Structure formats: structure tokens, C-alpha cells
Amino acid sequence: MMIRYERDLSNAYMILPVGTGGGYRSRMILENRIQGFLPVRKRCHDDEEEYYYRVSAEISLEEYLEHAPLQTVFLKQLIFTVCWSMTALGEYLLAEDCLLLGPETIFVQGALDTGADIQFRLCLYPDGGQDVRESLHILMKYLMGKADRDEESCGRLCYELYGLLQKENFCIQEFMAVLERSASEPAVEIPEKKGWARRLVSRRAFLGNPQY
């Protein structure tokens, strides 16, 4: 998929082409500000419609990891965000194939030097068509190459998560089970279709970060 970028006086944008598979999903994503995902609008450029994702004050995961090694806390928060977001899509009757999980389409907010108060925004592509398992496979393989060599637990967690994807009947909840087992706090679950507030409470408890 061709990605281009544009900046105006107040914002920066990641721009993706509009295909033919939008329909209901396109209306749902464009007309709602879905928490945890990049805000997006449809605009015309050279007589072609495109999706404009606002990425002001954020950097891509790819760029972030060019300047900082992947550490365990960061990895756990990223994977938790991905799992949590997949559950959130059901409230909007959206399928997981709308998720773009490449390092260039996952965006990071937070302090680059300390990793404090890190948040992630994922990209929903209305036209869908993504193979989520294959996307996760590529993402985890990429992350394994970025793991902090001075932090053994990060590499070990990467390999364990990557190994789960090799199973024939992989389920995303298996990722959550690994994160829960490795967490120092009691295990939490993502409540299904109980509202954003409930999930945010679980998310804070899991991450131990009251500011997130």
C-alpha cells in the first residue's frame, strides 16, 4: 500500500488511498472518533479520494525504534493495546481486517528518552482486507529484531509471542494470557462489550500506569 505524508500549518497527516471495499465500515470509521485510533477524514487530491490520518505530535513505531531499543514494558503495552483494540472494534461492528499493524502505521505518543507515559494509536483502514494473523506475524518478527539486547526478558517475550503465531489454531487471547502471566500484578481480562470505562480501568490496572 502506498503511503504518503503531508503537513499544513497546524497538522501532519499520513495519507492512504481509498479503495472499493469501504461501504458501511468507511462510514462508521469516518463518522466516529473511535478512541485509541488515529482520527481520519476523506479528502480529494488530484481528483482522487484519499484517507487523511492526523498524526500530529506522534511518530511511527518504526521511527521510534530507530532511536530507542525495544524494552519489555514498551512491548507489553504495545501488545496489550493491539489486543484491547481488537475487542473494541466489535462495539462498532467492525472486523479485525480493518487494522493496519505495520510499524509504519502504528503511532507512538510519549517521551522518547524515558518511555514514560507512552500511548499508542492504531490505524483503521476502512477498506479492510488485512490478514491480521499475517500482520501480527510480520510485526512480531520485526519487533524481535528491535529487542533490547541488555534486557533478556524482552527478547524472551518476543520469541514466546512469535511462537504462538505458529500454532494452527492461534487465538489473540493467547497473547493476553502470556502478558498476564508475566505481569507482576494480578491478571486482568478485557471485558467484552461492557463499555470503554471498564476496559480503561482494566488497562490501567494491567499497565500500572494511572496516567494512561
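Data for the structure
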| quantity | calculated |
| --- | --- |
| Only listed residue being modelled with pLDDT of 50 or more, open to solvent by less than 90 Å² (accessible area, probe 1.4 Å) and assigned to a loop (DSSP other than H, G, I, E, B), chosen from C158, C171, C154 | C171 |
| Qualifying residue in segment 29-50 (condition: part of a helix (DSSP H, G or I), among the aliphatic types (A, V, I, L, M) and touching a Leu at 6+ places or on another chain (Cβ under 6 Å)) | yes |
| Neighbours by Cβ (under 7 Å, 6+ apart or cross-chain): first from segment 40-65, under 15 Å from P103 (Cβ atoms); second of a type in the set (D, E, K, R) and part of a loop (DSSP other than H, G, I, E, B) | S60/E104; E62/E104; L65/K146 |
| Options D131, D97, D113, D117: the member that is at pLDDT 90 or above, of a type in the set (D, E) and open to solvent by 70 Å² or more (accessible area, probe 1.4 Å) | D131 |
| Subset of segment 9-25 that is open to solvent by 30 Å² or more (accessible area, probe 1.4 Å) and assigned to a loop (DSSP other than H, G, I, E, B) - its residue that is modelled with the lowest pLDDT | G21 |
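The values are calculated or read from the model by the stated rules, or taken from the named source; none is laboratory data. These numbers come from a predicted model, not from an experiment. Here the Cβ is made from the backbone with ideal geometry for all residues, glycine too, and neighbour counts use every protein chain on show. Each accessible area value is taken on the protein alone, full model and side chains, heavy atoms only, with ligands, DNA and RNA left out. Shrake-Rupley method; radii C 1.70, N 1.55, O 1.52, S 1.80 Å.
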